[in-house]
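A short write-up of the structure that comes next.
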Amino acid sequence: MRILALILLLACLPLSAQNAILAKQYYKKGEFEKALFEYKKLYRTSKSSISYITQIIDIHQQLEQYQEAEDFILDILARTRYSAFYVNLGYNYQLKGEVDKADENYAKAINSINDNPNNVYAVVRNFQEYALLDQTAAAYEKAMVLKPQLNLKLSLAQIYGEQGKLDKMMLNYVDFIERNPVSLSNVKRAINDFISEDSSNPSNAILRKLLIKKIQQEPNIIWNEMLSWLFIQQKEYNKAFTQEKAIFARQPERLSRIMELGEITNKVKETSIALEIFNYVIEKAQSIETKLDAHYALLEIQTLEANPREYNEIAERYLDVFNTYGKFSQTFKLQIAYAHFLAFYQDKTKEASTFLEAALELPLNKIQKAEIKLELGDILVLQEKFDKALIYYTQIQRNLKNSTVSQKARFRVAKASYYKGDFKWAEAQLKILKSSTSQLIANDALDLKLLITDNKYEDSLQVALKKYAKADLLAFQNKNDAAIALLRAIIDTHKTEPIIPQALFKQGQLFEKKKNYEAAADNYQNIIDNHSDSILADNAIYNLAELYLYKLEAPEKAKTLYKTIVFQHADSIYYIEARKRFRQLRGDAIN
C-alpha cells in the first residue's frame, strides 16, 4: 500500500522531484548505493546544490569510500570558492586516520574567515555537523575579532557550554545580554541547563561573581534582575528580595516584581520572607489595588500560621483594612476572605452570612456576586444546611451558564450531595464536570468520582463511604482533630475495604496540616507498603518524598522515592516534577 502511494505521488511530480524523493527514501532505508546513484543524477542537473553535494559526500563516507569522497570534494573545491567544504575534506581525512591533513584543512576553513568574516556561518555549520566543537569555537572567535558587529556571543556561549568551558560560556552570555537585553528570557533558559539549587555549584558561582562584578563596575538594572533570578533558583529568597529592592529604588514602577517574588515565596512556604515582602509592598505601593492584593496575601498567610488565641487579632486586621479602604467593590475579595475567616476559624457563621449579604448590596458585577454566593453556600455547608446551600449553588449555575464560576458551583453541588450521602446525584454532577474547561475543577471532579465509584459497590449500605464523607466534611469544617479520629476509626474497622488507602492518604494530609510530619510519613509509607495497587500510590510516594526533602531532612530517602516515580509511574501527574527533583538530588545540571 505504501509503495502504491509512493508510485502515485511520483507520477504527479516533475522528474527531478521524483528523483529527490527516491534518493531520500533510499537513504532513509540505508540503501546507500541506490541513494548515491540518484543523488549523482540530481547533482548533474544542479551542480551548485550544496544539499546534493553534502549528501554525496556523506554517502561515500557511510560506504567507507573515502578516496571517492576525497576526489569529489577536491573537484568541488577546484571550481568553487565555497570554503566550508574544507571542513568536509578535513573530516574525510580524519575518518581515514590522517590527522595532520585533517587539521590542515580545518585550518584552511577557519582562515577563509580572514577573507570574508561572513564565511563563518557556513564554516561553523559544517563543523557542527561533525560535532567539531574546538574548531567551531575557533571559527566564531576569529569572526568576532575581525567583525565584532556580527555579535556571535550567544552562539559562542552555547559552544563553550558544550565544551564544559563554563567561565567563557557565562562571560559570553553576560556580554550578549548587555547588547541584547530583550533576549534576557532566552539566555536564562540556556543558562538554566547549567545551574542548580546548590549555590556552590561551579556554574552558579561563576555567574554570581560575574554579575556582582558587573554591578560594581557599571550599574545596570539588568544585572540586578539576573542576580535576583539566580538567587531564586538557589532558593535564597532574602538575597533575591535585596536585589528586587535595589531595582525598585531606581524604577518605582516595577513594584510588581516584588509582588511576584512574594507570591513565589508564599507558594514554596517560605512564610517569614513572604510576610516581609508583602508588608514592604503595602508600605511602598502607590496603587490601592496593589496594596489590597498584598493585604489579601498577608492575611491569608497569617491565618494559616496563627493559633486560635491570635484569631481576634487577625479579625481586627481585616477590620483595619476595611476602615482604611472601605467596603466597596475594590475590597470585595477581602470581604469574602473575612467572612470565610469568621465562619471557618471563629465559628461565627451568622455574623459571616450577614456580612456577605450586605456585600451583595454593593454595585458588583455578576461574577463578583456569584463569588459571594459561593461563599454563602459554603458557610451553609459548614453548618450542614445542605439543601439551603444547594439553592445558592443552583442560582449561580442558572445565571452564569458555562462560566468557570458556574462550574465551581456545580462542583459544590456534587460535594454537598456527597457530604450528605447522596452519592448518585453527586456522581451525575461529577460526570458532567470531567470535561470542565478548568483543568483544576476537572481533576477534582475526577478524583471525587473515582472515590465514590471505587467504594460504593463494595458495601451495599455504603457504610465506609458514608463515614469517609463525614470525615471529609469535618476536614472542610476545619475540625481536623475530629476528622483524624474518624479516619482512624475507618482504618481500624474497615481493614479490607478499598476505602483504606483513601483514608490513610486523607489522614496523612491532615497530619501535615497540623505539622505532625512523622505521622504523615507513616501514613504515606503504609500506602506504599500495603496498597501499592491503589490509584493513590504515586500520590503517597510523591508526598512522602516531599516530606523527606523539605520537612524531615532526609534527601537520600527523597531521592529514592522520586526515582520510583520516574521509573515505575511514568504516567503519574507528578512525573515531571519528580524527575526534576531526582536529577537535582543526583547532582545533574537540569533545565
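The lone criterion from (1) surrounded by fewer than 14 Cβ atoms within 10 Å (Cβ to Cβ); (2) outside any loop (DSSP other than H, G, I, E, B); (3) at pLDDT below 95 left unmet by ASP320 is number (3). Within region 489-500, the only residue that satisfies the criterion of being surrounded by 14 or more Cβ atoms within 10 Å (Cβ to Cβ) and charged (D, E, K, R) is GLU497. Comparison of LYS28, LYS41 shows that the only residue that is surrounded by fewer than 12 Cβ atoms within 10 Å (Cβ to Cβ), farther than 18 Å from ASN126 by Cα and at pLDDT below 95 is LYS28.
Elements of the type helices (runs of 4 or more DSSP H) sitting completely within region 123-208 and holding at least 3 residues that are touching a residue at least 12 places away in the same chain (Cβ under 8 Å) and under 25 Å from the mean Cα position of the chain (by Cα): these cover 153-163, 166-179, 184-191.
Scan region 402-431 for residues that are in a helix (DSSP H, G or I) and over 14 Å from ALA389 (Cβ atoms) and the total you get is 10. Answer yes if at least one residue in region 36-50 is touching a Gly at 6+ places or on another chain (Cβ under 9 Å) and of a type in the set (A, V, I, L, M, F, W, C), and no otherwise. Checked region 36-50: no residue is touching a Gly at 6+ places or on another chain (Cβ under 9 Å) and of a type in the set (A, V, I, L, M, F, W, C). If you check LEU549, LEU561 for being at pLDDT 95 or above and closer than 20 Å to TYR517 by Cα, only one passes: LEU561.
Applying a threshold of 8 Å to beta carbon distances and a minimum spacing of six or more residues, or different chains, the list of pairs starting in region 443-455 at a residue that is in contact (Cβ under 8 Å) with a residue 12 or more places away in the chain and ending at one that is assigned to a helix (DSSP H, G or I) and of a type in the set (Asp, Glu) reads LYS449/GLU427; ILE452/GLU427; THR453/GLU427. Looking at ASP58, is it in a helix (DSSP H, G or I), out of contact with any Ser or Thr (no Cβ under 6 Å at 6 or more places or on another chain) and surrounded by fewer than 14 Cβ atoms within 10 Å (Cβ to Cβ)? So ASP58 fails the test. Looking across region 503-515, not a single residue is more than 22 Å from LEU451 (Cα to Cα) and either touching a residue at least 60 places away in the same chain (Cβ under 8 Å) or surrounded by 21 or more Cβ atoms within 10 Å (Cβ to Cβ) (or both). Taken together, the criteria exclude LEU374 from residues that are within 32 Å of the chain's Cα centre (by Cα) and in contact (Cβ under 8 Å) with a residue 40 or more places away in the chain. Reported count of residues in region 356-389, each being open to solvent by 30 Å² or more (accessible area, probe 1.4 Å) and touching a Lys or Arg at 6+ places or on another chain (Cβ under 9 Å), is 7.
In this structure, is GLU316 of a type outside the set (A, V, I, L, M) and under 33 Å from the mean Cα position of the chain (by Cα)? So GLU316 does not fit the description; no. Filtered by the rule that a residue be among the small types (Gly, Ala, Ser) and either open to solvent by less than 50 Å² (accessible area, probe 1.4 Å) or touching an Asp or Glu at 6+ places or on another chain (Cβ under 7 Å) (or both), region 516-534 gives ALA519, ALA520, ALA521, SER534. Considering the conditions (1) on the phi > 0 side of the Ramachandran plot; (2) buried (at least 17 other Cβ atoms within 10 Å of the Cβ), ASN151 is excluded by exactly one of them, (2). Residues TYR338, TYR392: which one is in a helix (DSSP H, G or I), crowded, with 22+ Cβ neighbours inside 10 Å and at pLDDT below 95? Going through TYR338, TYR392 in turn, the sole match is TYR392. Answer with yes or no whether LYS467 is among the basic types (Lys, Arg), buried (at least 17 other Cβ atoms within 10 Å of the Cβ) and within 36 Å of the chain's Cα centre (by Cα). Judged against the criteria, LYS467 is not a match.
With respect to PHE176, is the statement that it is closer than 21 Å to LEU230 by Cβ and open to solvent by less than 40 Å² (accessible area, probe 1.4 Å) true? In short, yes.
Whether any residue in region 44-51 is open to solvent by less than 50 Å² (accessible area, probe 1.4 Å) and not in a loop (DSSP other than H, G, I, E, B) is what I want to check. No, region 44-51 contains no residue that is open to solvent by less than 50 Å² (accessible area, probe 1.4 Å) and not in a loop (DSSP other than H, G, I, E, B).
The values are calculated or read from the model by the stated rules, or taken from the named source; none is laboratory data. Quick caveat: nothing in here was measured; it's all calculated off a predicted structure. A quick note on method: Cβ atoms are made from the backbone with ideal geometry, for glycine too, and the neighbour counts reach across all protein chains shown. Protein only, heavy atoms only, side chains kept; ligands, DNA and RNA dropped before computing areas. Shrake-Rupley method; radii C 1.70, N 1.55, O 1.52, S 1.80 Å.
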